[in-house]
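The values are calculated or read from the model by the stated rules, or taken from the named source; none is laboratory data. As the structure is a computational prediction, the values presented were derived from the model and not from experiment. When we count neighbours, we look across all protein chains shown, and the Cβ atoms used for this are built from the backbone with ideal geometry, even at glycine.
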Amino acid sequence: MKVAICSSEIYPFAKTGGLADVAGALPKALTGLGVETCVVMPLYKAVNRAKWGLKKTGKTVSAKMDGRDVEAAIWEAILPGAAGGAGSPGAGRPAAARAFFAEVPKYYDRDVLYGTPKGDLPDNAERFIYFSKIIPEILMAMDFQPDVIHANDWQTGLVALYLKTLYAGDPFFRDTGTLFTVHNLGYQGKFWALDWHLVGLGPEYFNPEGLEFYGDINILKGGLVYSDIIDTVSRTYSKEIQTPEFGYGLEGVLRKRAADLYGIVNGIDYDEWNPETDKHLYRNYGIGDSRGKQANKKALKEELHLAAGNKALFGIISRLADQKGLDLIAGAIDEMMGLNLQVVVLGTGEEKYHKLLTDVARKHPKSISVNLAFDAKLAARIYAASDVFMMPSRYEPCGLGQLISLRYGTIPLARKTGGLADTVKNYSPKTGRGNGFVFTDYSPKAFLKAVKAALSAYEDKIGWKNLVLAAMKEDNSWDKSAREYVKLYVKAAEAARERQEKAA
């Protein structure tokens, strides 16, 4: 099977969030399963061409935008780590995942991928409508004939529509199915109707059954309507987005496609997130090495000037925004400072939370450390040093933080929503079952109750040691999730064949 994964960002080439992690890690797991995989993304200014071994292919392709041909030069590299292993090609496995890049300086040679704190880039509609158009051209130019094109989020939301219109009679894509993954339904790629000329299709596609959404163009809706199979990043979230609370106006479309809608929990890259080899840690450690974990805790507290001792350390690495439950933390933080715990915060976000947390840290400098930054090194150290990792999200399609924290022996405290509900189960001191502390009501009171439950469990040193040990033994790697994706690829390919048979 051959699969082309298309994404607006792919780790390690360019990243703003979890989408890049998924698009970079899934191909590695797929090649290990014998799936021939390529990835396609724009060639941004941020991509380090020398570091990642990008090479010009000498090939160019073009697509029409508003009646004009816009040309893209194709670059190629090997996705780091996405190799089938020595000797695997001879065993019928692909040697590596190829990475193709579309170089269009007028669109992608920018200092940012999508926007600044002041807002989105004004030509995002043109930039990513073009990206959807150029993907089939790149695959043809590089002679990568996919059984399935796997598109991700609104930036590639029109790929399936273009395959069924602009490329409907092209034998290269005759049997190509499409899978569309929604990583966060809150980001839909909505643009005013006057941008319709950029789409390059007739007005028959701008209607409530197509891309029209309350008078605007909704690109993500295109992926939901025209893709053969749809999935999102957890089973619970796939159900939540069919409700008005989480559907952002698209719940009716999703209910209509319910038979083709699936949920697969993300994994994490166990090569990337490994406390035994993580170069950022003060000291590496493995399963059962409680002294190694304690050494990281002691060193982090010293670095951040927190009081010495063995109080439970609660970590949070997050965008500081309402969606991530920061309003719950804001409502509980004063009482938390009176409990037998310490807190370390890493992230940036809404100014009101910057000010609130900074004020709390000024009052309690030995109990809370607030770091308003993006710092990969400090993030790894917080995962390793913390006892509890807080994710009180209002909604969370999947979440990677809880999976990383489990890998590092740090116990998640999470609200029961989306992927958190699928991966974090409430711990019972009586039975020893569960891997975290879970609350349901979205309130500071419910959040505080979970904090106190975690503190109570932490006091039982033997029980806590067993909880940490079980957490580190969990398998949240991409292997299991990749096998689930292969099943969806088979469904998408079958749907394409059925469509061709009906048309014949």
**OP:** Could you list, in sequence order, all residues of region 269-296 that are crowded, with 22+ Cβ neighbours inside 10 Å and either touching a strand residue (DSSP E or B) at 6+ places or on another chain (Cβ under 6 Å) or not in a loop (DSSP other than H, G, I, E, B) (or both)?
**Re:** Lys293, Asn296
**OP:** Within region 13-32, track down each residue that is modelled with pLDDT of 95 or more and part of a loop (DSSP other than H, G, I, E, B).
**Re:** Phe13, Ala14
Original post:
Can you find a residue in region 199-222 that is closer than 24 Å to Gly419 by Cα and hydroxyl-bearing (Ser, Thr, Tyr)?
Top reply: no
Original post:
Would it be correct to say that Tyr427 is of a type in the set (Ser, Thr, Tyr), closer than 27 Å to Ser290 by Cα and modelled with pLDDT of 95 or more?
Top reply: yes
**OP:** Tell me, yes or no, whether region 458-480 has at least one residue that is part of a helix (DSSP H, G or I), in contact (Cβ under 8 Å) with a residue 60 or more places away in the chain and in contact with a Pro (Cβ under 6 Å, 6 or more places away or on another chain).
**Re:** no
Original post:
Counting just the residues of region 323-371 that are of a type in the set (Ser, Thr, Tyr) and touching a His at 6+ places or on another chain (Cβ under 9 Å), which one comes out nearest to Glu459 (Cα to Cα)?
Top reply: Ser369
**OP:** Go through (1) within 25 Å of Leu281 (Cβ to Cβ); (2) modelled with pLDDT of 95 or more; (3) not charged (D, E, K, R) and name the single condition Ala421 misses.
**Re:** (1)
Subject >> Identity of the residue in region 415-434, at negative phi and touching a Pro at 6+ places or on another chain (Cβ under 7 Å), that ends up surrounded by the most Cβ atoms within 10 Å (Cβ to Cβ) >> reply: Gly419
Subject >> Boolean, Phe100 is on the phi < 0 side of the Ramachandran plot, crowded, with 16+ Cβ neighbours inside 10 Å and either at pLDDT below 95 or assigned to a helix (DSSP H, G or I) (or both) >> reply: no
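Here's the yes/no breakdown for (1) buried (at least 24 other Cβ atoms within 10 Å of the Cβ); (2) touching a helix residue (DSSP H, G or I) at 6+ places or on another chain (Cβ under 7 Å):
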| position | (1), (2) |
| --- | --- |
| Ile10 | yes, yes |
| Gly17 | no, no |
| Gly24 | yes, no |
| Pro27 | yes, no |
| Leu33 | no, yes |
| Thr37 | yes, yes |
| Ala46 | no, no |
| Gly53 | no, no |
| Val61 | no, yes |
Original post:
What about Leu339, is it in a helix (DSSP H, G or I) and either in the same structural domain as Ser405 (by TED's automatic domain parsing) or not hydroxyl-bearing (Ser, Thr, Tyr) (or both)?
Top reply: no
Subject >> Those strands (runs of 3 or more DSSP E) lying entirely in region 129-227 with at least 3 residues buried (at least 24 other Cβ atoms within 10 Å of the Cβ) and either touching a Lys or Arg at 6+ places or on another chain (Cβ under 6 Å) or of a type in the set (Val, Ile, Thr) (or both) >> reply: 177-182
**OP:** Give me a count of the residues in region 182-207 that are free of Cβ contacts under 8 Å to residues at least 60 places away in the same chain and closer than 30 Å to Tyr485 by Cα.
**Re:** 3
Original post:
How many residues are outside any helix (DSSP H, G or I) and crowded, with 21+ Cβ neighbours inside 10 Å when one looks only at region 313-336?
Top reply: 8
Original post:
Has region 162-173 got any residue that is in the same structural domain as Trp52 (by TED's automatic domain parsing) and touching a strand residue (DSSP E or B) at 6+ places or on another chain (Cβ under 6 Å)?
Top reply: no
Subject >> Scope region 238-268; condition part of a strand (DSSP E or B) and either modelled with pLDDT of 95 or more or closer than 22 Å to Ile219 by Cβ (or both); matching residues >> reply: Leu261, Tyr262, Gly263
Original post:
Phe437 passes all but one of (1) crowded, with 21+ Cβ neighbours inside 10 Å; (2) over 22 Å from Asp327 (Cα atoms); (3) not small (Gly, Ala, Ser); which number fails?
Top reply: (2)
Original post:
Can you tell me which residues in region 219-262 are among the polar types (S, T, N, Q) and without any contact (Cβ under 8 Å) to a residue 60 or more places away in the chain?
Top reply: Ser238, Gln242, Thr243
Original post:
Somewhere in region 240-250, is a residue polar (S, T, N, Q) and surrounded by 21 or more Cβ atoms within 10 Å (Cβ to Cβ)?
Top reply: no
Original post:
Going by the conditions given, is Asp387 among the acidic types (Asp, Glu), closer than 22 Å to Leu300 by Cβ and in contact (Cβ under 8 Å) with a residue 40 or more places away in the chain?
Top reply: yes
**OP:** Evaluate the following for Leu372: is it within 24 Å of Thr232 (Cβ to Cβ) and either touching a helix residue (DSSP H, G or I) at 6+ places or on another chain (Cβ under 9 Å) or of a type in the set (D, E, K, R) (or both)?
**Re:** no
